[in-house]
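In what follows, a single structure is set out as structure tokens and then discussed.
Read-outs throughout are calculated quantities, based only on the coordinates presented, and are distinct from any laboratory measurement. Keep in mind that what you see is a predicted model, and the values were worked out from it rather than measured. Neighbour counts run over all protein chains shown; Cβ positions are idealised from the backbone, glycine included.
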Amino acid sequence: MLNKEDKNWLVKEFVPRDEYRSDIVEIKGDITELKVDSKLLQKAVIRLERNMKENIKLSKKIIATNEGWAGKVAVLEQENNMGAITTRRHGIHIQELAKATGTALSE
């Protein structure tokens, strides 16, 4: 059972009220700073998400443009191959015609 000294010890003030109040003021200040920091962080995250969406749109446009260029390059390569084949054929025809007519070709 508790005696009178134990009861006095239990109700005794361990921390002076001024010190307690100053700690509470500091904690409130810290909480306010944390709230401000969290709002700034939320705004930064929103900005990053918005920028990320814009970057995705731009990268899709760039990919589409590159695919278009790749298609055009493939068409040009095909035309180049066909032109080379046609030029070879013309060269062969010219040589055959020159042999048939006895004409000398310059190189």
### Task
Would you mind computing, in nm to one decimal, how far apart the modelled labels at Lys12 and Leu34 are, each placed 7 Å from Cα along Cα→Cβ?
3.2 nm
### Task
With a/c under 1.5 counting as rounded, go ahead and sort the range 16-100 into rounded, prolate or oblate using the C-alpha gyration tensor (a ≥ b ≥ c being the square roots of the eigenvalues; past the cut-off, prolate if a/b is larger than b/c, else oblate).
prolate
#### Entry: Partners for Lys39 among aspartates and glutamates (Cα-Cα distance below 18 Å; same-chain residues under 8 apart left out)
Asp30, Glu49
### Query
To the nearest 0.05, what FRET efficiency results for Arg89 and Ser59 with a Förster distance of 41 Å applied to their C-beta separation?
0.35
### Query
Which angle between 0 and 90 degrees, to the nearest 10, do you get for helix 17-101 versus the longest principal axis of the chain when only C-alpha atoms count?
10 degrees
### Message
Checking the cross-link filter: which lysines have an alpha carbon closer than 16 Å to that of Lys53, excluding same-chain neighbours under 8 positions apart?
### Response
Lys43, Lys61
